[in-house]
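Data block below; observations after.
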Amino acid sequence: MDISKVDRQLIVKESVEELRPEFEQLELEFANIFNIPSELPPMRQVDHRIQLKEGTNPINVRLYHHPHAQKNEIEKLVNEMLDSRIIRPSISPFSSPVILVKKKDGGWRLCVDYRALNRVTVLDKFPIPVIDELNGASSKDVETHLEHLTVVFHLLREHYLFANRKKCHFVKDRIEYLGHWVSAKGVKADQDKIKTMLEWPVPKNVRELRGFLGLTRYYRRFVANYGAIATPLTRLTKKNNFHWSEEATKAFETLKKAMVTLPVLALPDFQQPFEIETDASGFGLGAVLSQNKRPIAYFSQKLSESKALRHILEHRELIPRVQKWLIKLMGFDFEIFYKVGPENKAADALSHISIEDQLHVISIPSILDIAVVEKEVQEDAKLRAIFEKLLVDPDCIFRYTVRQGRLFVKGKLVLPRTSSLIPTILHTFYDSIIKGHSGQLHTYKRIATELFWEGMKNDIKLYLEQCHACQQNKIQALSPAGLLQPLPIPNRIWEDISMDFVEGLPHSQGFDIVLVVVDRLSKYAHFIALS
């Protein structure tokens, strides 16, 4: 059945209410397929089995932390599955964490994060059906629709399969499907999603920007030139590159405006030929997929011009990139026709969008005050002695030199061990905007190419360990915690104690730390002041 022709095949009945008795009779006859199953399904011809790669050890991922409000819901869902015998108690060495996903109706869906298991699973070697293949399934009128439902209900009952009545909709001339409205006229974006995009505030960080781009990108096939419009915003999602500008504001508002005027894309008719208008220029590639002059999808991407594309099927020696294209295209029955510019206006316009390269410049102030370095060297007894010896005999100390009144070792400027400039140097070379917390070794190598002071490696290590941003964001490479078990109850007081420190307290009589010692049986506590 061609869904694009439904509007020309009028529905015989004017209202679903006229068919209410027939629907009620059909639902009554097959009421059991809408009931929640209370027992396991019958044996099938094939038993499901997850085949793991050879030599794989049991996959055991520690549990995720859940908000307190979700714990009761998880217990409830697990108990329901236990009662329905969908799951059973197990002591298997395999385990994967569970997560709750909000349903459209406000309820919760219990999901399991099997990503770790998937990495060691032998993948299926047959094509997996996709829901897109059902987009063309429909009935030409209400009577036929009832016949189709009867056939489907019979199959469900025969194979002991069930349907959720709340999710079933019958005799609809349009349906909502994954943020789209599909009807006889074509595919249209959901107005609620468009409203969300229009009300989206100006992003203040990369996370908010990615959320906006993710929502708009979902509808990019509705928008001509989407890639070019979103380019100034996409650049800001790169690491340490979020700097909102007038250009970003303009792109943000332009993208919002484009979302308001989204067209209705025609549904493809696979019985009719498709038309693909393409064009490539020095700026990129553009394409419009259409049927009978109605657009089905838009596409644009920055690429280089290649008029030889028309002869791609005739080439015997191709570069790897073209070979990759050819492999993807060989699954289709098509011919390539060359159109001159005036006859190919739509695709030509999409491909000639100019995206100017930007040069980003950061002004970096000098972090070293040479006068301060020279003064501190003279105030350091050890370095001053070396400096004075070199003035008398430049070759008396191996690898040390004096140039323009400054002390160098192996070509690196020497600083005193207690120089006041060291904290500024560490900040600039590690957690400034131009360095970005790159680790101990890289930080040391960058500093060591220009500077030297005694104990430099240890100072860098200590500075990195105390970095507040790293402690908040970097993942510690620790083994997962073992099985949590309660501690045994002590038999007498002061047989088993717990200790901990309370730090960061205001100074009082020279003390700012309290050591807390608690007897686990009596809960009696001692507090010891420390500094």
message = Taking 8 Å as the Cα distance limit and 6 or more residues as the minimum spacing, I'd like the relative contact order of region 370-471 as a percentage.
response = 21
key: Average Cα contact separation per residue, region 135-231, under 8 Å, 6 or more apart, as relative contact order %   = 11
task = Determine, for F511, F398, the number of other Cβ atoms within 10 Å of each Cβ, and report the residues in order from fewest to most.
result = F398, F511
Potential lengthening between E199 and E450 on full extension [0.36 nm per residue; Cα-Cα distance subtracted] = 85.3 nm
note = region 493-508 and region 215-238 have their Cα centres apart by a whole-number Å value of 55
task = Return L285, L178 ranked ascending by Cβ neighbour count within 10 Å, so the fewest neighbours appear first.
result = L178, L285
task = Quick one: plug the Kirkwood hydrodynamic radius of region 370-471 (C-alpha pairs) into Stokes-Einstein at 37 °C, 0.692 mPa s, and report D in µm²/s.
result = 225
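If I take every Cα pair under 8 Å that is 6 or more residues apart in region 68-120, average their sequence separation and divide by the length, what percent do I get for the relative contact order?
Reported relative contact order: 28 percent.
For each of Y430, Y219, Y160, count neighbouring Cβ atoms within 10 Å of the residue's Cβ, then give the residues from fewest to most. Before the final figure, lay out the partial values.
Details: Y430 23, Y219 20, Y160 14.
Going from least to most buried by this count: Y160, Y219, Y430.
Relative to the present Cα-Cα distance, how much length would full extension add between L368 and R157 at 0.36 nm per residue of separation?
67.9 nm
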message = Given points 7 Å out from each Cα along the Cα-Cβ axis, report the R85 to L178 separation in nanometres with one decimal.
response = 3.6
task = Tell me the label-point distance for the pair R207, R62, using the 7 Å Cα-to-Cβ offset, in nm and rounded to one decimal.
result = 2.2
ask   = What nm value, rounded to one decimal, do you get for the distance between T150 and E75 when each label is placed 7 Å out toward the C-beta?
value = 5.0
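Laboratory data are not the source of any read-out in this text; all were calculated from the coordinates shown. Source: prediction; values computed, not measured. Note that we place each Cβ from the backbone using ideal geometry, even for glycine, and neighbour counts take in every protein chain shown.
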